[in-house]
Amino acid sequence: MITNQILQNTIDGMKLITRVDLCVMDTEGKPLASTMNNTEEYEPMVAAFANSPADSQVISGCQFFKVYDDHQLEYILLARGDSDDVYMVGKMATFQIQNLLVAYKERFDKDNFIKNLLLDNLLLVDIYNRAKKLHIDTDTRRVVYLIETKNEKDINALETVRTLFAGKSRDFITAVDERNIIIVKELKPSDGYDNLMHTARIIVDMLNTEAMSKVHVAYGTIVNEIKDISRSYKEAKMALDVGKIFYSERKVVAYNNLGIGRLIFQLPMPLCKMFIREIFDGKSPDDFDEETIVTINKFFENSLNVSETSRELYIHRNTLVYRLDKLQKSTNLNLRVFDDAITFKIALMVVKYMKYMESLEN
């Protein structure tokens, strides 16, 4: 559970303070971390000591100590020297490693708990019982952020996120698949959705500059109880998907600001196909030439304003009117009429949604 690098950093720090050489071995005598040379000679002694009833012993000028993890023998610690001072250093090092084992086990248990909580794998009674055992508050305001990285297993992005939230021990950073990093963030009573957007933009900026990662960030709604964290996660996941389809230019997408995209995303495919057949009479927006598509998009960008659209397209007003009339003949929709424009806009969004769903199936 503890990496050899963490063990090495621990005993390096102990030696720097005490000037006593230390070595951590497994129960078969293989060195895992050490500040001393020629540890091979101790291998048979460690194996014999591991099978003895003693918890500490002096052998060949070294203090031997047993390090337990929940009453299970995990490591053998060697401290070079046989004086009382060396014995005290060895006991301190043993105590420190045992505390690390407890801390990392608790961290691992919390990570597993949060993953199962996000995925709805826990019964309600289990949620509150396990949260109590792991000392996690159950009635704190929280929100779930979902960070999608461009590359799978983006270690740099994960480490940057952990660094960004390093001082906030009550936040949880985990992952349930290869490309998404999840943050379950605890909020202050005064934090609102403006604060959530600000935090999301900081995450994007940090990952772009520090980890050189192109990411998209989505977040759900604020929840007040631990049992609702999974809901915020599902909302963040939906926001990420909806953002990919309808708002691809946005780096941050909030569930509470998805607009009509959220409704279309939840439509069944047969209904979408029937709607498109009715609107385009068997045709597809892909059949429109590039000039028509550019005109339509610019017309919507300018809120159906003919004068402003023609100015930005550098065409005469009558030319724009001609293009809109041509589109009306082929679709029976007059984009200068608000109801028709809304119908056409929704139809374009439905087509985007259908293409996205088809790409998932292929």
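Entry comment: accessible area of segment 92-248 is 52 Å² per residue, from protein heavy atoms only and a probe of 1.4 Å.
By the Kirkwood approach, averaging reciprocal distances over each pair of separate Cα atoms, segment 103-243 gets a hydrodynamic radius of 15.3 Å. Summary value for segment 268-362: 28 percent relative contact order, contacts being C-alpha pairs under 8 angstrom separated by 6+ residues. Of ARG201, ARG80, the order by accessible heavy-atom surface (1.4 Å probe, DNA, RNA and ligands excluded), from most exposed downward, is ARG201, ARG80. For the chain, with all protein chains in place and a probe radius of 1.4 Å, 50% of the accessible heavy-atom surface sits on carbon or sulfur. In the chain, Cα pairs under 8 Å separated by at least six residues give a relative contact order of 10 percent.
The lysine pair tally for segment 24-124, using Cα distances under 24 Å and a gap of 8 or more places or different chains, is 7.
Rolling a 1.4 Å probe across the protein heavy atoms gives segment 252-312 an accessible surface of 59 Å² per residue. From the largest down, segment 110-187 spans 38, 26, 17 angstrom on the principal axes of its Cα atoms. Among the listed values (i) 20.7; (ii) 19.0; (iii) 26.3, the one computed from these coordinates for mean projected area of the Cα convex hull in nm² is (iii).
Take 49-58, 136-145 and order them by the average number of nearby Cβ atoms within 10 Å per residue, most first; the result is 136-145, 49-58. Which aspartates and glutamates have a Cα less than 14 Å from the Cα of LYS132, not counting those fewer than 8 places away in the same chain? Filter leaves GLU106, ASP109, GLU225.
Put simply, segment 229-308 fits an ellipsoid with semi-axes of 28, 19, 10 Å; these come from the alpha carbon gyration tensor as the roots of five times its eigenvalues, largest first. Measuring between alpha carbons in the structure, the pairs from LYS15/LYS185; LYS244/LYS329; LYS251/LYS352 lying more than 26 angstrom apart are LYS15/LYS185; LYS244/LYS329. Under the criterion of Cα pairs below 8 Å and six or more residues apart, the relative contact order for segment 91-182 equals 30 percent.
The values are calculated or read from the model by the stated rules, or taken from the named source; none is laboratory data. Keep in mind that this is a model prediction, so the values were computed, not measured. Cβ coordinates were reconstructed from backbone atoms using ideal geometry, including for glycine residues, and neighbour counts include every protein chain displayed. Accessible surface areas use protein heavy atoms only, side chains included; no ligands, DNA or RNA. Shrake-Rupley method; radii C 1.70, N 1.55, O 1.52, S 1.80 Å.
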